[in-house]
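All remarks here apply to the structure that follows.
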Amino acid sequence: MTTILVTGGTGTLGRLVTERLRADGHEVRVLSRHTRPYAVDLREGGPGLDEALDGVETVVHCASSPRGGDEQAADHLIAAARRAGVGHLVYISIVGVDRVPFGYYRSKLAVERRIEESGLGWTVLRATQFHDLVVTVVRGLAKSPVVLLPAGVSDQPVEVAEVADRLAESALAAPAGRVPDMGGPEVRTFDSLARACLRATGRRRPVLSVPLFGKTYRAFRSGGHLAPEQAVGKGTFEEYLARRFGQ
Ligand SMILES: NC(=O)c1ccc[n+]([C@@H]2O[C@H](COP(=O)([O-])OP(=O)(O)OC[C@H]3O[C@@H](n4cnc5c(N)ncnc54)[C@H](OP(=O)(O)O)[C@@H]3O)[C@@H](O)[C@H]2O)c1
């Protein structure tokens with residue numbers, strides 16, 4: 001039995017990683033800003049973080065906020081993990097963080113670098129977008145009377161449960177460095193994903209693709225966030241929609 005800390009263990013991914021590791025009989029602690037007894041804001045660190053890491057062999061770092069602060073959070077986590085003698089830090093990143101100059105991706109890349117240079121044993125897995133995220137984005141866009149999509153952009157969503165399985169396996173194996181990227185089974189235009197999602201959720205909205213400008217859009221349009229050669233995920237977006245919305 002291994003003692004493992006899952007940061008962000010209440011999130012979409014972290015919850016599933018936690019379940020899998022517990023089902024395998026490991027002692028799993030969950031850390032987030034709101035989970036007792038390990039309620040810690042990683043951006044602030046503090047004694048609660050040292051308590052959470054006391055006796056921990058492996059950390060799976062899933063906590064993240066697109067609103068910022070991930071670099072400070074990583075600094076606090078790495079420093080505390082070193083003090084605690086943690087042997088393995090597993091990090092989930094995103095495919096294309098080194099190709100798409102999107103603010104959140106830049107900070108994920110900066111966290112990868114910090115982990116690589118931490119002196120700890122480490123594993124980094126990059127995945128494409130989870131099906132859940134595509135639905136959240138489309139539902140957000142569908143609040144407007146017309147759904148405006150970035151023209152020419154595709155996506156390759158992946159089933160989060162499969163990513164959780166891969167992360168859990170990594171957590172139980174030796175540190176492996178950067179492991180092969182994990183992409184979903186199909187590269188689809190954002191337009192077709194959005195239409196499928198609108199159908200599944202029963203929303204009727206006109207969909208309009210709009211060309212955007214700038215480096216970030218160009219990088220997304222040229223597929224910097226895709227991993228077609230690593231289309232290893234099995235669950236399709238349609239299967240996910242059917243499961244979630246009962247089509
Ligand atoms: N979603 C995707 O499509 C996707 C694709 C590839 C990779 N990833 C990566 O996978 C990871 C998890 O994503 P997700 O979608 O599962 O995220 P999520 O559902 O938003 O969950 C984030 C988790 O982090 C915790 N958290 C946030 N800020 C924190 C802080 N300052 N200190 C401590 N805990 C904090 C949250 O709990 P509290 O709010 O209670 O703190 C929550 O448990 C992220 O690193 C993300 O970049 C996501």
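The values are calculated or read from the model by the stated rules, or taken from the named source; none is laboratory data. Worth saying up front: this structure is predicted, and the values here are computed from it rather than measured. We place every Cβ from the backbone using ideal geometry, glycine too, and count neighbours over all the protein chains shown.
Observations
- Every listed requirement among (1) closer than 26 Å to residue 128 by Cβ; (2) modelled with pLDDT of 95 or more is met by residue 39 save one, (1).
- Residue tally, condition in contact with a strand residue (DSSP E or B) (Cβ under 7 Å, 6 or more places away or on another chain) and either closer than 19 Å to residue 215 by Cα or basic (Lys, Arg) (or both), over segment 106-121: 1
- Picking from residues in segment 220-247 that are of a type in the set (A, V, I, L, M, F, W, C) and assigned to a helix (DSSP H, G or I), the one that is farthest from residue 127 (Cα to Cα) is 245.
- Residues (within 12 Å of the chain's Cα centre (by Cα) and part of a strand (DSSP E or B)) located in segment 155-189: 158, 182
- When every residue of segment 24-47 is checked against the conditions, none turns out to be in a helix (DSSP H, G or I) and in contact (Cβ under 8 Å) with a residue 60 or more places away in the chain.
- Residue check for residue 93: assigned to a loop (DSSP other than H, G, I, E, B) and within 9 Å of the ligand (Cβ to nearest atom): no
- Among residues of segment 64-75 that are closer than 13 Å to residue 44 by Cα, those with a beta-carbon under 7 Å from a residue that is in a loop (DSSP other than H, G, I, E, B) and within 8 Å of the ligand (Cβ to nearest atom) at least six positions away or on a different chain give the pairs 69/43; 70/64; 72/43; 73/42; 73/43; 73/63.
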